[in-house]
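> Below: one structure in structure tokens.
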Amino acid sequence: MGTLMSNERPFTERIIRPEILAQTSYHVPNASNMVKLDAMENPYGLPDALKAQLGAHLAQVALNRYPVPSYRVLKQKICQQFGVPAGFDVILGNGSDELISMLSAACAKPGATVLAPIPTFVMYALSAQLAGVQFVGVPLQTDLSLDIPAMLEAIEQHRPSLLYLANPNNPTGSWIPEDQLIQLIHAMADIGLVVVDEAYQPFAPASMMSRLPEFANLIVMRTVSKLGLAGLRLGYMSASNSLLAEFDKVRPPYNVNVLTQAAMEFLLDHMLIFNEQAAQICLERSALVLALQKLPNVQVYPSAANFVLMRVPNAEQVFNRLVEHQILVKNVSKMHRLLNNCLRITVGTAAEIQLFIHALRDS
Ligand SMILES: *Cc1c(COP(=O)(O)O)cnc(C)c1O
């Protein structure tokens, strides 16, 4: 026992893959008693009557049974409610995080590459690394829009199996116009798959979902997290049936649990509430941007998502001052040089935004 203990570290290092040892685990700060503007959560919650109905519905669920892994009813409802084109199906994930892992696992041939503009959602790179796949990031331009010539060059050079395009992008909020998306999808046509990650679709001006039939190499990925159901952990993606059939082989058969399944089936009949909340969040986003534009020393970037990126003279100082006011935002300064002194602010309620602006003026 004693020898085991004293050798614990080297033993770990012998067994665990070096790329895992080198990683730090995903850090989530303690947010108790804080105004939470750090994680793109919907601030509104559900009306009490609906909560009670949902509770009664969930009480009927057979917790002793495994889920039926086809998830047929849930998928049909998702296809109907979220505009999946006729003849197309979806595959479900335990959050879109799991869908990203499934894509990495399915495409992780020796020598394969995953490409994405950077800075972007960190899970693309993380998941590629976990699957033993090379990740190549192409920096955005200084205005945080895509560098199309650099993207096209990287596609030619690396011939990636997967190209991720978060639209709108996290953490910048920037929107990729349709002509640029289509240019990249064409450039990838004989090379690999383009994953358009529409996690923020409820707050965005358009979607590629209806264009799926036009492009054999297009995958559209979404989640219900930012819509107001982050705790449910449910993501979905659509693509040609032949692609979905392959991804389904790497999906753990019971990956969506029965409570998530039942809750989502129920809530899909109440989408009006979520759509109204999303519309309200878009209104508050405009108010937040307007208030920030009035402040000296604050540069605000346009956003098509439920958060706003801003640049200040000293992000760490502003972040700490906000914490003193019990307001938690995300300091993304260290993510990439393009985000130097940037903070990402989730659009909260009108009252939360007022507290935030007040605290910001104070700092
Ligand atoms: C938040 C986010 C996701 C994660 O979604 P989950 O379904 O909660 O795992 C995916 N993509 C982007 C770009 C995001 O910002």
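> Please identify the pairs in which a residue from the range 326-352 that is within 17 Å of P302 (Cα to Cα) and at pLDDT 95 or above has its Cβ atom under 7 Å from the Cβ atom of a residue that is aromatic (F, W, Y) and part of a strand (DSSP E or B), counting only partners at least 6 apart or on another chain.
Once the first residue is within 17 Å of P302 (Cα to Cα) and at pLDDT 95 or above and sits in the range 326-352, its partners that are aromatic (F, W, Y) and part of a strand (DSSP E or B) give R344/F307; I345/F307; T346/F307; V347/F307.
> Please specify each residue of the range 143-169 satisfying the condition of being part of a loop (DSSP other than H, G, I, E, B), crowded, with 20+ Cβ neighbours inside 10 Å and among the small types (G, A, S).
Correct list: S161 only.
> Another question about this same structure. Quick check on the range 231-241. Is at least one of its residues in contact with a helix residue (DSSP H, G or I) (Cβ under 9 Å, 6 or more places away or on another chain), basic (K, R) and touching a residue at least 40 places away in the same chain (Cβ under 8 Å)?
Checked against the condition, which is being in contact with a helix residue (DSSP H, G or I) (Cβ under 9 Å, 6 or more places away or on another chain), basic (K, R) and touching a residue at least 40 places away in the same chain (Cβ under 8 Å), the range 231-241 yields at least one hit.
> Anything in the range 342-356 that is more than 22 Å from the chain's Cα centre (by Cα) and surrounded by 17 or more Cβ atoms within 10 Å (Cβ to Cβ)? List them, or say none.
Once the filter is applied, which keeps residues that are more than 22 Å from the chain's Cα centre (by Cα) and surrounded by 17 or more Cβ atoms within 10 Å (Cβ to Cβ), the range 342-356 yields E352, I353, L355, F356.
> If I go through the range 81-99 residue by residue, how many of them are within 13 Å of the ligand (Cβ to nearest atom) and among the aliphatic types (A, V, I, L, M)?
2
For every residue, the table says whether it meets (1) farther than 30 Å from T24 by Cα; (2) within 21 Å of the chain's Cα centre (by Cα).
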site: Y124; (1), (2): no, yes
site: D143; (1), (2): no, no
site: L146; (1), (2): no, yes
site: E153; (1), (2): yes, no
site: I176; (1), (2): yes, yes
site: L184; (1), (2): yes, yes
site: D190; (1), (2): yes, no
site: V194; (1), (2): no, yes
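> With the requirement that a residue be among the β-branched types (V, I, T) and within 19 Å of I357 (Cα to Cα), what does the range 11-44 give you?
V35
> Also, quick follow-up: Take the residues in the range 203-226 that are touching a residue at least 60 places away in the same chain (Cβ under 8 Å) and buried (at least 24 other Cβ atoms within 10 Å of the Cβ), then tell me which one is nearest to the ligand (Cβ to nearest atom). Steps first, please.
Step one: list which residues in the range 203-226 are touching a residue at least 60 places away in the same chain (Cβ under 8 Å), which gives 203-205, 207, 209-210, 212-213, 219, 221-223, 225-226.
Filter once more, so that each one left must be buried (at least 24 other Cβ atoms within 10 Å of the Cβ): 219, 221-223, 226.
Values: I219: 13, M221: 7, R222: 8, T223: 3, K226: 6 Å.
Only one residue tops the list, namely T223.
> Could you list, in sequence order, all residues of the range 170-191 that are touching a residue at least 60 places away in the same chain (Cβ under 8 Å) and buried (at least 20 other Cβ atoms within 10 Å of the Cβ)?
N170, P171, T172, G173, S174
> Separate question: Looking at the structure I just gave you, is I353 in contact with an Asp or Glu (Cβ under 9 Å, 6 or more places away or on another chain) and part of a strand (DSSP E or B)?
The answer is no for I353.
> Shifting gears a bit: Pick from the range 270-308 the residues that are within 21 Å of the chain's Cα centre (by Cα) and in a loop (DSSP other than H, G, I, E, B): which of them is surrounded by the most Cβ atoms within 10 Å (Cβ to Cβ)?
A305
> Being in a helix (DSSP H, G or I), within 13 Å of the ligand (Cβ to nearest atom) and buried (at least 23 other Cβ atoms within 10 Å of the Cβ): is that true of Y124 here?
yes
> If you don't mind, there's one more thing I want to ask. Look at the range 309-329 and say how many of its residues are surrounded by 18 or more Cβ atoms within 10 Å (Cβ to Cβ) and closer than 22 Å to K294 by Cβ. Can you show your working first?
Of the residues in the range 309-329, the ones surrounded by 18 or more Cβ atoms within 10 Å (Cβ to Cβ) are 309-310, 312, 315, 318-319, 322, 327-329.
Retained after the next criterion (residues that are closer than 22 Å to K294 by Cβ): 309-310, 312, 315, 318-319, 322, 327, 329.
Of the residues in the range 309-329, 9 are surrounded by 18 or more Cβ atoms within 10 Å (Cβ to Cβ) and closer than 22 Å to K294 by Cβ.
> Test S363 against the stated conditions and say whether it is surrounded by fewer than 18 Cβ atoms within 10 Å (Cβ to Cβ) and among the polar types (S, T, N, Q).
yes
> Checking P252 against (1) within 16 Å of the ligand (Cβ to nearest atom); (2) under 18 Å from the mean Cα position of the chain (by Cα), only one condition comes out false. Which one?
Exception for P252: condition (2).
> Yes or no: L243 surrounded by fewer than 20 Cβ atoms within 10 Å (Cβ to Cβ), under 28 Å from E178 (Cα atoms), at pLDDT 95 or above and within 16 Å of the ligand (Cβ to nearest atom)?
So L243 does not fit the description; no.
> Which residue is modelled with the lowest pLDDT, if the candidates are limited to the range 8-25 and must be out of contact with any helix residue (DSSP H, G or I) (no Cβ under 8 Å at 6 or more places or on another chain) and under 30 Å from F319 (Cβ atoms)?
Only one residue fits best here, namely S25.
> Take L99 and decide whether it is farther than 30 Å from A279 by Cα and either in contact (Cβ under 8 Å) with a residue 24 or more places away in the chain or touching an Asp or Glu at 6+ places or on another chain (Cβ under 8 Å) (or both).
no
The values are calculated or read from the model by the stated rules, or taken from the named source; none is laboratory data. This one's a predicted model, so the numbers in the text were calculated from it and none came from an experiment. Methodologically, a virtual Cβ is constructed for each residue, glycine included, from the backbone with ideal geometry; neighbour enumeration extends over all protein chains shown.
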